[in-house]
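Peer 1: This is the structure I want to talk about, given as structure tokens.
Rule-based calculations on the coordinates, nothing more; no lab input. Treat the numbers as computed from the prediction; the structure is a model and nothing was measured. Here Cβ is always computed from backbone atoms with ideal geometry, including for glycine, and neighbour counts include all displayed protein chains.
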Amino acid sequence: MKPRVRFAPSPTGYLHIGGARTALFNWLFARHTGGTFVLRIEDTDAARNSQAAVDVILNGLRWLGLNWDEGPLTADATGASQGERGPYFQSQRKENYQRRAEALLSRGLAYEHDGAIKFKMTREPITIPDLVVGNVVRPLTDREEQDPDWVLVRSDGQPVFHFVNVVDDLEMGITHVIRGEDHLSNTAKHIALFRAFGVEPPKYAHIPLILNRDGSKMSKRDQGASLTTYLEEGFLPEAVNNYLCLLGWSPKDNTEKLSLADVIDRFDLPQILRHNAKFDFEKLVWLQGEYCRDLPPERFYELAVHAFAKAGVDTNQFATGYVKAALDTCRGKIKTFAELPAYAGFYFHEEITYDPEAAPKSFVVENKPRVEKLLAAFGNLATFDAASIEAALKTTAAELGVKVGVLIHPTRLAVTGHPHGPSLYHLLEVLGKARAIQRLERALGPEGFGK
RNA sequence: GACCCUAUGGUCUAGCGGUUAGGACACCUCCCUUUCACGGAGGUAGCCCGGGUUCGAUUCCCGGUAGGGUCGCCA
């Protein structure tokens, strides 16, 4: 029998990075084994749910490329879905839960108490066979000793998480439950319920949690906790996927950069680590840079234009050829698209603000006549391309008896406002002779050397 | 409080009784270079503690400690 796995998020308005990894591991297992990946929306908490909150989940999974074989097609709980085991929204499965509760009631495995329905929990320790952790024996805690039974259906008629989760997994034919380790202890309840229904529980694989750098639990407000952040900040899904794979799973051969296809090939449950991992944003950024550098030009332009738009710069007001030429000088230089507007904004606006730390070093009196001489040399150039610019600059430097850097630094600052940036020769070519000269002249005035 | 899981440099990890404890990120130095980045060459830094088992423990066992999780009419 082919495995059937599921990702069952609750629509809270954001998708936790740990949840995204749980989805990823389920998806990888399904793809590795040729099984089925089911998406089920646990929208039992009516007060918190909205289609917008479901969209966050759907969009996040789509962005990562984690396609589901069964589940909703839209964020509308009553809308279309794919698969034979629906509905895939818990809010649409009320009758199933009611029927299951009545079955337990009629067989004396559950009972009413204060208007709620409680499950007769076994008093014996339960062994949880876990594919990652091994056999875990879970006895009752001291509080559970007082009253081991637990609520299946609240007095207001709402079934609780543990109940609906088991009913759905049972009815959807889930064979492997891959989820966060925070559910490990609760699995005893789930196993007892499956047995009460007369079926063998699925196989369990509890994966370690993702923690903050300080070891604390990653919650909604923590930096990097929301998948949407990466989507909005111009990260690449392939980089995020790659990084997530490396948290709690290892290819064991020192490979760091793996495509999803590679991981599908090599992924399996026993290789999953047992200890929690701390989220290392720096390493994610490194991987992002690796993927960013290898991006096909068209995709790079697309993401770059989006990043500028987000920063309030409409690159569509410039000629396409100019924009592409400008962006080409940035390729391989930046790691995240979020840094692009600051890095290359000088291409798209004329107001250059000189870096306050670099200006006093570059705009010194002895450099002024040098830059004036360079300006004259530029003015004499018939063709203003990178090679000519480089030649002119080097010739000028030689005539002045200074290193090229002496001219390069003030020129870069005058033209871009920054001490760092794309190749000077190439960016000058893209900017064009008129604008280059204009910016150099301004720097020679009171706002630059004049100060 | 009870129960469960975990423990290799700052971080992610390889290791499954004998290794100069390997790789990656980050950090430092140098080289390349018009800056930055890339690339290249080096470097700092690690087996939580204590008992066993063993000829020999990072590795196996027990205890401790630390971190995380669970014990809801939250999910």
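Peer 1: Roughly how far apart, in whole Å, are the Cα centres of the range A:23-74 and the range A:102-118?
Peer 2: Cα centres, the range A:23-74 to the range A:102-118: 32 Å.
Peer 1: Please go through the residue pairs A:LYS118/A:LYS189; A:LYS257/A:LYS283; A:LYS368/A:LYS403 and name each one whose alpha carbons sit more than 18 Å apart in this structure. Let's see the in-between values first.
Peer 2: Details: A:LYS118/A:LYS189 12 Å; A:LYS257/A:LYS283 11 Å; A:LYS368/A:LYS403 15 Å.
Over 18 Å apart, Cα to Cα: no pair at all.
Peer 1: How far is helix A:297-310 tilted off the main Cα axis of chain A, in degrees rounded to 10, range 0 to 90?
Peer 2: With rounding to tens, the tilt is 90 degrees.
Peer 1: Calculate how steeply helix A:281-293 sits against the longest principal axis of the alpha-carbon atoms of chain A, using the helix alpha-carbon long axis, and give the answer as 0 to 90 degrees to the nearest 10.
Peer 2: Taking the Cα atoms of chain A, the angle to A:281-293 is about 60 degrees.
Peer 1: Using Cα-Cα distances under 8 Å and only pairs 6 or more residues apart, what relative contact order does chain A have, in percent? Display every interim value, and only then the final one.
Peer 2: Details: 670 pairs, mean separation 54.8, N = 451.
It comes to 12 percent, rounded to a whole number.
Peer 1: Let me ask something additional. How tilted is helix A:433-444 with respect to the longest principal axis of chain A? Cα atoms for both, answer in degrees (0 to 90, nearest 10).
Peer 2: With both axes taken from Cα atoms, the answer is about 80 degrees.
Peer 1: I want the local charge near A:VAL199. Using Cβ-Cβ distances under 12 Å, sum +1 for each Lys or Arg and -1 for each Asp or Glu among the other residues. Present the calculation step by step, with values, prior to reporting the outcome.
Peer 2: Values: positive: A:ARG100, A:ARG195; negative: A:ASP169, A:GLU171, A:GLU200.
Surrounding charge for A:VAL199 is -1.
Peer 1: Could you pull out every one of the aspartates and glutamates with an alpha carbon less than 14 Å from that of A:LYS335, ignoring same-chain neighbours closer than 8 positions?
Peer 2: Output for A:LYS335: A:GLU233, A:GLU238, A:GLU282, A:GLU290, A:ASP294.
Peer 1: Which aspartates and glutamates, if any, have their Cα less than 12 Å from the Cα of A:LYS278, not counting same-chain residues under 8 positions apart?
Peer 2: A:ASP214
Peer 1: For the range A:207-294, which GluC sites (Glu not before Pro) pass both filters: DSSP loop (anything but H, G, I, E, B) and at most 15 other C-beta atoms within 10 Å?
Peer 2: Numbers: sites: A:GLU232, A:GLU233, A:GLU238, A:GLU256, A:GLU282, A:GLU290; in loops: A:GLU233, A:GLU256.
Passing sites in the range A:207-294 are A:GLU233, A:GLU256.
Peer 1: Any idea what the dipole of chain A comes to, in debye rounded to 20, about its Cα centre with Lys/Arg Cβ at +1 and Asp/Glu Cβ at -1?
Peer 2: Details: 53 positive and 57 negative charges, 106 e Å.
I would put it at about 520 debye.
Peer 1: If you don't mind, another one. Using a cut-off of 19 Å between alpha-carbon atoms, which aspartates and glutamates can reach A:LYS94, once sequence neighbours fewer than 8 places away in the same chain are excluded?
Peer 2: Qualifying aspartates and glutamates at Cα under 19 Å: A:GLU42, A:ASP43, A:ASP45, A:ASP76, A:GLU84, A:GLU102, A:GLU112, A:ASP156, A:ASP168, A:ASP169, A:GLU171.
Peer 1: Something else about it: Which of A:CYS245, A:CYS292 comes first, and how do the rest follow, when ranked by fewest Cβ neighbours within 10 Å? List each step's numbers first, then the result.
Peer 2: Working: A:CYS245 21, A:CYS292 24.
The most exposed by this proxy come first: A:CYS245, A:CYS292.
Peer 1: Only sites in a loop by DSSP and with at most 15 other Cβ atoms within 10 Å count here; which GluC sites (Glu not before Pro) in the range A:40-143 make the cut?
Peer 2: On the way: sites: A:GLU42, A:GLU70, A:GLU84, A:GLU95, A:GLU102, A:GLU112; in loops: A:GLU42, A:GLU84.
Listed in order of number, the matching sites are A:GLU84.
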